[in-house]
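First the structure, in the form of structure tokens, and then the observations on it.
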Amino acid sequence: MKYTRADFPKDFLFGVATSAYQIEGHAQGGAGQNHWDTFAASPGNVARGENGDLACDHLNRFPQDFDLVRDAGFDCYRFSTSWARVLPEGRGQVNQAGLDYYDRLADALLERNIRPCATLYHWELPSPLSDLGGWRNRDIAEWFADFTEVIMGRIGDRMYSVAPINEPWCVSWLSHFDGHHAPGLRDIRATARAMHHVLLAHGRAIESMRSLGMSNLGAVFNLEWAEPADDSPKARQAADLYDGIYNRFFLGGVFNKAYPDNVLKGLEPYLPSGWQNDFDTIGAPVDWCGLNYYTRKLIAPDDTAWPSLKEVPGPLPKTQMGWEIEPTALTRFLTRAKQEYTGDLPIYVTENGMASPERQQDEDRIDYLNQHLKAVQAALDEDVPVKGYFIWSLLDNYEWAFGYEKRFGLVDVDFETLERTPKASYNALKTVLTGGTVSLPLAQPAGAIRAHWNLVADIGGTNTRLGVVSDGKLTDLRKYPTGTLPELLEAFHSLRDEIGTDPRAVVAAGAGPVKDGTIQLTNAHLDLPERDIGRVTGAQHTYVINDFTAAAWSVAEISGDEVEVLQGATEPPTGTRLVVGPGTGLGVGALLYSEGRYHTASGEGGHVGLSPRHADEVEIFRAARHIAPDCFFDDSLTIEAEMFLSGTGLPILYRAAGMAAGLADTSVRSAREILEDARTNNDPIARRASHLFTTHLGAVMGDLAVAFMPIGGVFLVGGVAKKNRWLFKDAFRDAFNAGGRFSDLRRSMNLYVSEQDEFGIVGANNFCKSALAR
Ligand code: FCB
């Protein structure tokens, strides 16, 4: 090599780059299918139909590969994380083996004093997301932000730097217009959407890493210098458009919050509506800019539809890819990036290198690297803040549509035996890079990464509880007066400020109907929109849910120690669960179990009918008709269940029982007083009423259970049950089981009383976990 470390600034970083699909071996380790798997499996797309199933088997050989990185004296290793390895479906369920792999990879780099430089997406979209339109679908920005949180929540603390997306031009234009890469489309509308969404996803990922507390975040662009094929104005115009599409669109979006006019002329009709409003996200500030540079192109006008241009062969020496070698364009790009886009931000050459058929004596590569290092030197001389240079690539690997034939590695890989052999270029670099040290940190500052937390709320008429959830567990619970809407929002805001970071999600449960993202809190007399919660907490995900939805969710993870078993299995089995909760009203809900997860169904179960179960109850029901005529079903003796079986209903039942016993209208008493008198055996009417209460509740639950067949158990939850455990014993269970020819079936069911404290908060937390995993 013509250069050594001493020829570069003291803290100039030398690195080597790879990407997941090109080296890991995607068929291994539980990764989900991605669009490169299927693209490669479709004839005509990839040379010899080769795919990344095994590639370099880096998944199993990374320790030895990292020894090579260390031994050559590199400061940094740029790698990418495979989305489908971490989330096989693209969303939801995590592949633990995949996360563990990247965790070990991060540690293995740091053990060798190599800075881990991550790219979150290097072209391998999980197939289930591709099915939903992939980069054409705006939702991809959120899917990607969620993936970012999952992977960086695990390894972000050990990353030196992170960039969301490798080469947005390739992700969009090359793959959706040229059809050269997966998904292989040739469609201008798909292209325009992908170009915009890829930048939006970049911005959302930056935002989500900032909210984790991460720093040293950047963006990586690939650039090709566009040279007019001749001096004609038409050729100049064509080259300028090529430059606009390839280079200025992406740099301009991220750094100047604008797209070039000449590109908009052709693409605007196809961009998603409202694209102009996304630039604050797209342009979220970054800490550095990465440029990948390989070649230039000669561009001539062409007689086609827009963009009406074509590449023509140039006269310069070429690599195995057929790409012209033009190092001076790298200098021009570096100076231009500083002038037009990045100013004082650090710039890295994040990829540069060449494919060569030389498997050992790759003098051509040494020459190529020397020429490009010279180009970097020239930019440094012009005061461009270039801070590092990464060579593509460590290993010969899967060169996408070209398969394994094009060899970019400093280290040769025999794809039969997977043996690694350093080439002459590797040894030359080793000579000039070893020995020096760079004083920059290896990873994120200690403690920079904040654990995720979620905020859960149980909003009552008078009081509100706010819970802090870290790592899925409730770590703190506070009580506030519910107050007015501004007071309630202030409570959310002050908790957020006390913790010091935005929660990832907020789930607020309360009594009342939910409509269009707003809950009408009937007891607190206020309307609480999700939007307001998002505003005061900064949470990315906000949900308002009905309190009975929360009650149903409270049993989603319930275990044997949190229930009293009235009959059946000591450990509640997994499966659909029926939840009945007498409180102020009578809540009935269910957790339906399907495809490995729970879903909520909550209805107005309190309004099923209740009729006399014995002749001697008839008078009581008759009396109730005088008290609450509206609550009876037509002229029958059937009353809405809630009018007896709740905190509000029990006083009606008590008065009716009193009237039926021939007492003058008994004084109005609260449910609490009635149950207390019944328990202490002070008042025969109270005993009668509470017996009716428990047996009718048992019977209704048994009837509902037959309708639902809840394998996962029938659960009694709620305020009344919690405070009056004595009431839910044999008589309750016998009533549950009394079912004519279905008595045996009812007896075979698992029946529990939940002993959970704070079931609203527990339910909000379980709901939150499930919503975030969706
Ligand atoms: C870049 C890609 C990389 C590799 C090189 C040759 O555009 O980022 O994966 O294919 O080209």
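Could you pull out every one of the helices (runs of 4 or more DSSP H) wholly within the stretch 1-86 that has 2 or more residues that are within 16 Å of the ligand (Cβ to nearest atom) and either of a type outside the set (Gly, Ala, Ser) or over 29 Å from the mean Cα position of the chain (by Cα) (or both)? Outline the logic, then answer.
On the way: elements: 20-23, 35-40, 58-71, 83-86.
Helices (runs of 4 or more DSSP H) meeting the threshold: 20-23, 35-40.
Any residue in the stretch 649-667 that is at pLDDT below 95, surrounded by fewer than 15 Cβ atoms within 10 Å (Cβ to Cβ), among the polar types (S, T, N, Q) and under 19 Å from SER690 (Cβ atoms)?
Within the stretch 649-667 (the criterion being at pLDDT below 95, surrounded by fewer than 15 Cβ atoms within 10 Å (Cβ to Cβ), among the polar types (S, T, N, Q) and under 19 Å from SER690 (Cβ atoms)), the answer is yes, since at least one residue qualifies.
When you scan the stretch 3-20, do you find a residue that is at positive phi and out of contact with any Lys or Arg (no Cβ under 7 Å at 6 or more places or on another chain), even just one?
Of all residues in the stretch 3-20, those at positive phi come to none.
The answer is no, given that none of the residues of the stretch 3-20 is at positive phi and out of contact with any Lys or Arg (no Cβ under 7 Å at 6 or more places or on another chain).
So which residues in the stretch 275-291 are out of contact with any helix residue (DSSP H, G or I) (no Cβ under 9 Å at 6 or more places or on another chain) and part of a strand (DSSP E or B), if there are any at all? Reasoning before the result, please.
Within the stretch 275-291, the subset out of contact with any helix residue (DSSP H, G or I) (no Cβ under 9 Å at 6 or more places or on another chain) is 276-277, 287, 290.
Result: GLY290, single match.
Suppose we filter the stretch 365-388 for residues that are surrounded by fewer than 22 Cβ atoms within 10 Å (Cβ to Cβ), not aliphatic (A, V, I, L, M) and not in a loop (DSSP other than H, G, I, E, B); how many remain?
Final tally of qualifying residues: 7.
So which residues in the stretch 218-266 are surrounded by fewer than 20 Cβ atoms within 10 Å (Cβ to Cβ), basic (Lys, Arg) and part of a helix (DSSP H, G or I)?
Those that are surrounded by fewer than 20 Cβ atoms within 10 Å (Cβ to Cβ), basic (Lys, Arg) and part of a helix (DSSP H, G or I): LYS234, ARG236, LYS265.
This table checks each residue for (1) open to solvent by less than 70 Å² (accessible area, probe 1.4 Å); (2) out of contact with any His (no Cβ under 7 Å at 6 or more places or on another chain); (3) in a helix (DSSP H, G or I).
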position	(1), (2), (3)
ILE391	yes, yes, no
ASN397	yes, yes, no
TYR404	yes, yes, no
LEU418	yes, yes, no
ALA428	yes, yes, yes
THR431	no, yes, yes
LEU440	yes, yes, no
ARG450	no, yes, no
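With respect to PRO315, is the statement that it is assigned by the TED database to the domain that holds LEU291, within 16 Å of the ligand (Cβ to nearest atom) and surrounded by fewer than 22 Cβ atoms within 10 Å (Cβ to Cβ) true? Talk me through it step by step, then tell me what you get.
Values: assigned by the TED database to the domain that holds LEU291: yes; within 16 Å of the ligand (Cβ to nearest atom): no; surrounded by fewer than 22 Cβ atoms within 10 Å (Cβ to Cβ): yes.
Against the criterion (assigned by the TED database to the domain that holds LEU291, within 16 Å of the ligand (Cβ to nearest atom) and surrounded by fewer than 22 Cβ atoms within 10 Å (Cβ to Cβ)), PRO315 does not qualify.
If you go through the stretch 156-199 one residue at a time, how many are out of contact with any Leu (no Cβ under 8 Å at 6 or more places or on another chain) and touching a residue at least 60 places away in the same chain (Cβ under 8 Å)?
12
Which condition from (1) under 24 Å from PHE39 (Cβ atoms); (2) under 16 Å from the mean Cα position of the chain (by Cα); (3) more than 16 Å from the ligand (Cβ to nearest atom) is the one that VAL94 breaks?
Result: VAL94 fails condition (1) only.
The rows are residues; the columns are (1) under 24 Å from ASN454 (Cβ atoms); (2) open to solvent by 10 Å² or more (accessible area, probe 1.4 Å).
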| residue | (1), (2) |
| --- | --- |
| GLY500 | yes, yes |
| ARG504 | yes, yes |
| GLY510 | yes, no |
| LEU528 | yes, no |
| ALA539 | yes, yes |
| TYR543 | yes, yes |
| VAL555 | yes, no |
| GLY560 | no, yes |
| VAL580 | no, no |
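Being assigned to a loop (DSSP other than H, G, I, E, B) and either within 22 Å of GLU399 (Cβ to Cβ) or aliphatic (A, V, I, L, M) (or both) is the filter here, so list the residues in the stretch 154-203 that pass it.
Quick first cut of the stretch 154-203, residues assigned to a loop (DSSP other than H, G, I, E, B) only: 159-160, 167, 177-187.
If the condition is that a residue be assigned to a loop (DSSP other than H, G, I, E, B) and either within 22 Å of GLU399 (Cβ to Cβ) or aliphatic (A, V, I, L, M) (or both), then MET159, GLU167, PHE177, ASP178, GLY179, HIS180, HIS181, ALA182, PRO183, GLY184, LEU185, ARG186 are the ones that fit.
Test of understanding: among THR570, THR576, which residue is within 14 Å of PRO710 (Cβ to Cβ) and open to solvent by 20 Å² or more (accessible area, probe 1.4 Å)? Give the steps one after another, and end with the answer.
On the way: THR570 fails: within 14 Å of PRO710 (Cβ to Cβ).
Exactly one residue qualifies, and that residue is THR576.
Which of the following residues is modelled with pLDDT under 95, within 42 Å of the chain's Cα centre (by Cα) and open to solvent by less than 10 Å² (accessible area, probe 1.4 Å): ALA773, ALA707, ALA721, ALA764? Steps first, please.
Numbers: ALA773 fails: open to solvent by less than 10 Å² (accessible area, probe 1.4 Å); ALA707 fails: open to solvent by less than 10 Å² (accessible area, probe 1.4 Å); ALA764 fails: modelled with pLDDT under 95.
Only one candidate qualifies: ALA721.
When you look at LEU697, is it open to solvent by less than 10 Å² (accessible area, probe 1.4 Å) and more than 26 Å from ILE711 (Cβ to Cβ), yes or no? Give the derivation first.
Numbers: open to solvent by less than 10 Å² (accessible area, probe 1.4 Å): yes; more than 26 Å from ILE711 (Cβ to Cβ): no.
Taking the combined requirement at face value, the residue does not satisfy it.
Look at the stretch 158-205 and say how many of its residues are of a type in the set (Ser, Thr, Tyr) and within 19 Å of PHE255 (Cα to Cα). Give the derivation first.
Of the stretch 158-205, the ones of a type in the set (Ser, Thr, Tyr) are 160-161, 172, 175, 191.
Checking which are within 19 Å of PHE255 (Cα to Cα) leaves us with 161, 172.
So the count comes out to 2.
Might you let me know whether the stretch 502-511 holds any residue that is of a type outside the set (Ser, Thr, Tyr), touching a Cys at 6+ places or on another chain (Cβ under 7 Å), more than 28 Å from THR648 (Cα to Cα) and assigned by the TED database to the domain that holds VAL468?
Of the residues in the stretch 502-511, the ones of a type outside the set (Ser, Thr, Tyr) are 502-511.
Now narrow it down to the ones that are touching a Cys at 6+ places or on another chain (Cβ under 7 Å): 505, 507.
Going one step further and asking which of them are more than 28 Å from THR648 (Cα to Cα), we end up with 505.
Add one more test, that the residue is assigned by the TED database to the domain that holds VAL468, and what stays is 505.
Taking every residue of the stretch 502-511 in turn, at least one turns out to be of a type outside the set (Ser, Thr, Tyr), touching a Cys at 6+ places or on another chain (Cβ under 7 Å), more than 28 Å from THR648 (Cα to Cα) and assigned by the TED database to the domain that holds VAL468.
Look through GLY739, GLY658 and report the one residue that is free of Cβ contacts under 8 Å to residues at least 60 places away in the same chain and within 16 Å of PHE644 (Cβ to Cβ). Give the derivation first.
Numbers: GLY739 fails: within 16 Å of PHE644 (Cβ to Cβ).
That would be GLY658, the only listed residue that is free of Cβ contacts under 8 Å to residues at least 60 places away in the same chain and within 16 Å of PHE644 (Cβ to Cβ).
The values are calculated or read from the model by the stated rules, or taken from the named source; none is laboratory data. A quick note: this is a predicted structure, and the numbers were derived from the prediction, not measured. Methodologically, a virtual Cβ is constructed for each residue, glycine included, from the backbone with ideal geometry; neighbour enumeration extends over all protein chains shown. Calculation scope for accessible area: heavy atoms of the full protein, side chains included, ligands and nucleic acids excluded. Shrake-Rupley method; radii C 1.70, N 1.55, O 1.52, S 1.80 Å.
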